[in-house]
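Structure first, then comments.
The values are calculated or read from the model by the stated rules, or taken from the named source; none is laboratory data. Just so we're clear, the structure is a prediction, and the values are computed from it rather than from any experiment. As a convention, Cβ positions derive from the backbone with ideal geometry for all residues, glycine included, and neighbour counts pool all protein chains shown. Surface areas here come from the heavy atoms of the whole protein model, side chains and all, with no ligands, DNA or RNA. Shrake-Rupley method; radii C 1.70, N 1.55, O 1.52, S 1.80 Å.
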There are 2 protein chains.
Amino acid sequence: MSQQRHGSTPGNTGAVPAFPDLPEATIARLPEYLRALHNLAESGSETVSSEGLAAAAGVNSAKLRKDLSHLGSYGTRGVGYDVALLVDQIEYILGLDQRRAVALVGVGNLGHALAGYDGFASRGFRIVALFDSDAEQVGKPLGDLTVRHIDELGMAVVEEGITIGVIATPAGAAQAVADDLVAAGVTSILNFAPCVLSVPAGVDVRKVDLAIELQILSFHEHRKASLTAIPGGRSAQPGNQEAVGS
Amino acid sequence: MSQQRHGSTPGNTGAVPAFPDLPEATIARLPEYLRALHNLAESGSETVSSEGLAAAAGVNSAKLRKDLSHLGSYGTRGVGYDVALLVDQIEYILGLDQRRAVALVGVGNLGHALAGYDGFASRGFRIVALFDSDAEQVGKPLGDLTVRHIDELGMAVVEEGITIGVIATPAGAAQAVADDLVAAGVTSILNFAPCVLSVPAGVDVRKVDLAIELQILSFHEHRKASLTAIPGGRSAQPGNQEAVGS
DNA sequence: TGCTGTGAAAGGCTTCACAGCG
DNA sequence: CGCTGTGAAGCCTTTCACAGCA
């Protein structure tokens, strides 16, 4: 699923604390642990058990312990994990100690919402530039920023040190935007357009397709409907932590 | 990962075309195949090979064939798959033949964007009601709809036949909204709030956390930076289909 | 011959269960 | 004694490679 070989950096045994070779599934959960830890820190907890943190993050404790064990031993047997220490450690691993500069392309419906989303700023990112190809939009102010024409992207990436691009354009424009981002030197892309992007090796793409999420839920609705048509089911005990899919 | 047992409906061998017991990973890809098939249909293709469809959906052909084989044999050896037939089949499986009614709770920044997102309407869903707890927002028109107070949720769910709820509130309000949705009879929830929801068994929750997606990309940026610090890497051959994570 | 459908192999992830440390 | 860290087992997913049908 990842595009670059995942082996520990070859010819680098020991000296520099070799970049941990984390399973992809673990990486995807670290942000959730981080959020839970921040909540715990705010509520005054200094330590937390694997059981407690797991509950706060919505996973089981064995999985959490296995995940954290990949980062090294930051827990104390008989006690638990030091919240502040673990926060630092996960933020370091995720590269959040440097507040990354993000470019957002496409200031339509969704782009507007993303540009104004507090969660980015509060969780390690700065949206530093907005782009659109529509002359109508260019020059308009949006929050602290002004929408720029996509031709300025290359310049902005260098000037602002942008490493992540967010695509919030219609599907038809997304591949061209991705090409522009890559040409400008961006190596990570978050794509909200409902289409497959083709990018060179070394560029990471993650996709969020809102309709797909609903379609997956629709499947489960369909399945539940076809099951409840048959007697026997329906033993719901409230208060459980339940989730489906990823 | 799913909350209900996945076995084929017990005591139902044969008679009704037993609801297929699809792997969760396959289900998550069906919407992507469907989108690709719609594109192919629009461009006039009547059949497509596993190779062709796989490329359009951004997966490899072996995986695609395995996935489709779970639905039954809808391909023709030596030829490929009938596009229209496969569209119908996948739409049936996903329960998209009935345009599902969706309630959206929280019409802030993100809620506005979701309410206006074309992709929902064009891909099988109708947003039929908008809710907020903020008296300021209640009564305001938004698209074809008027924002209603969340107290009316129970009524609306019954009247409109809502089965899916979308939560676009701040994290602090999300659990209460989820409880309201469940109490009203909603059995599938798409949660955009950055928090873990606790719901009874039988209710499906999917979560989309925009900051988490960026944090995962940030990890890969961090890793790439630490790798390129060491000589040897960097063999990017453009034109590949590349993606990271799920 | 070309392409699907599928056993079998390989790999990755989760869960279990407990050794071992504080 | 409690809780972490971890080998081992089991399960799920992906990939391979080819039998078999059109």
Exercise for the section: Could I have the simple spin-label model distance between B:S43 and B:A183, label points 7 Å from Cα toward Cβ, reported in nm to one decimal? Expected result: 5.1
Handout entry: Percent of beta bridges antiparallel (DSSP, the protein assembly as shown, rounded to nearest 5)
Key = 20
Completion exercise
at A:G44 the sorted inter-copy label distances (label 7 Å from Cα on Cβ side), in nanometres, are 7.2
Problem - Of the GluC sites (Glu not before Pro) in the stretch B:100-208, those whose Cβ has at most 13 other Cβ within 10 Å and which sit in DSSP loop - result: B:E136
Problem - Solvent exposure of the protein assembly as shown as accessible area per residue, Å², 1.4 Å probe - result: 44
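Roughly how crowded by other chains is peptide B:108-118, in terms of the mean Cβ count from those chains within 10 Å of each of its Cβ atoms? Write out the running numbers ahead of the final one.
Numbers: counts 4, 8, 7, 1, 5, 11, 4, 1, 5, 7, 4.
That works out to 5 on average.
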Problem - Exercise: per-residue mean of other protein chain Cβ atoms within 10 Å, A:81-88 - result: 0
Practice task
Set Lys and Arg Cβ to +1 and Asp and Glu Cβ to -1, take the dipole of the stretch B:24-93 about its Cα centre, and tell me which of B:L30, B:L64, B:L53 lies farthest positive.
Solution key: B:L64
Practice task
Might you report the magnitude of the Cβ-based charge dipole of the protein assembly as shown about its Cα centre, with Lys and Arg at +1 and Asp and Glu at -1, to the nearest 20 debye?
Solution key: 1380
Handout entry: Size of charge dipole - the stretch A:129-192 - debye, nearest 20, with Cβ of Lys, Arg +1 and Asp, Glu -1, no other charges
Key = 140
Practice task
Quick one: which residues, 5+ away or cross-chain, put their amide H under 5 Å from the amide H of A:V147? H built at 1.01 Å from N.
Solution key: A:G139, A:K140, A:L142
Handout entry: Under Karplus coefficients 6.51, -1.76 and 1.60, residue-wise ³J(HN,Hα) of the stretch B:75-90 in Hz, glycine/proline x
Key = x, 10, 4, x, 10, x, 9, 7, 4, 4, 4, 5, 4, 4, 4, 5
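Over the stretch A:16-92, what is the mean sequence separation of C-alpha contacts under 8 Å (at least six apart), divided by residue count, expressed as relative contact order in percent? Could you put the intermediate results ahead of the total?
Numbers: 65 pairs, mean separation 28.5, N = 77.
So the answer I get is 37 percent.
What fraction of the DSSP beta bridges in the stretch B:100-210 is antiparallel, stated in percent and rounded to the nearest 5? List each step's numbers first, then the result.
Values: 2 of 24 bridges.
The answer is about 10 percent antiparallel.
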Problem - Residue-by-residue Karplus 3J(HN,Hα) for the stretch A:115-127, coefficients 6.51, -1.76, 1.60, Hz, glycine and proline x - result: 4, x, 6, 4, x, 5, 4, 6, 10, x, 10, 10, 7
Fill in the blank from the handout: Note, the stretch A:23-39: 3J(HN,Hα) by Karplus (6.51, -1.76, 1.60, θ = phi - 60°), whole Hz, Gly/Pro = x, goes x, 4, 5, 5, 3, 5, 8, 4, x, 5, 4, 4, 4, 4, 5, 4, 4
Problem - Where Rh is the Kirkwood radius over Cα pairs, Rg/Rh for the stretch B:100-210 - result: 0.92
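Among the DSSP beta bridges whose two residues both lie in the stretch B:60-164, what percent are antiparallel, rounded to the nearest 5? Mind showing how you got there, number by number?
Values: 4 of 15 bridges.
Of all bridge pairs located within the stretch B:60-164, approximately 25 percent are antiparallel.
Chains B and A: what accessible area do they bury, summed, in square angstrom to the nearest 100, with a 1.4 Å probe?
Working: alone 15250 and 15280 Å², together 21840 Å².
Summed over both sides, the interface buries about 8700 Å².
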Handout entry: Tail fraction, Cα-Cα pairs, the stretch A:24-93, threshold 16 Å, whole percent
Key = 36
Problem - For the axis carrying chain B to chain A: nearest C-beta residue of B, whole Å - result: B:A113, 2
Handout entry: Nm distances between copies for B:L85, ranked from closest, using label points 7 Å along Cα→Cβ
Key = 6.2
Practice task
Every other copy gets compared here: list the nm distances from the A:D21 label point (7 Å along Cα to Cβ) to its counterparts, shortest first, one decimal.
Solution key: 3.7
Completion exercise
If every Lys and Arg gets +1 and every Asp and Glu gets -1 at its Cβ, then about the Cα centre chain B yields a dipole, in debye to the nearest 20, of 900
Completion exercise
Given backbone amide H placed at 1.01 Å from N, residues whose amide H is under 5 Å from that of B:I189, ignoring those fewer than 5 places away on the same chain, are B:G165, B:D204, B:V205, B:R206
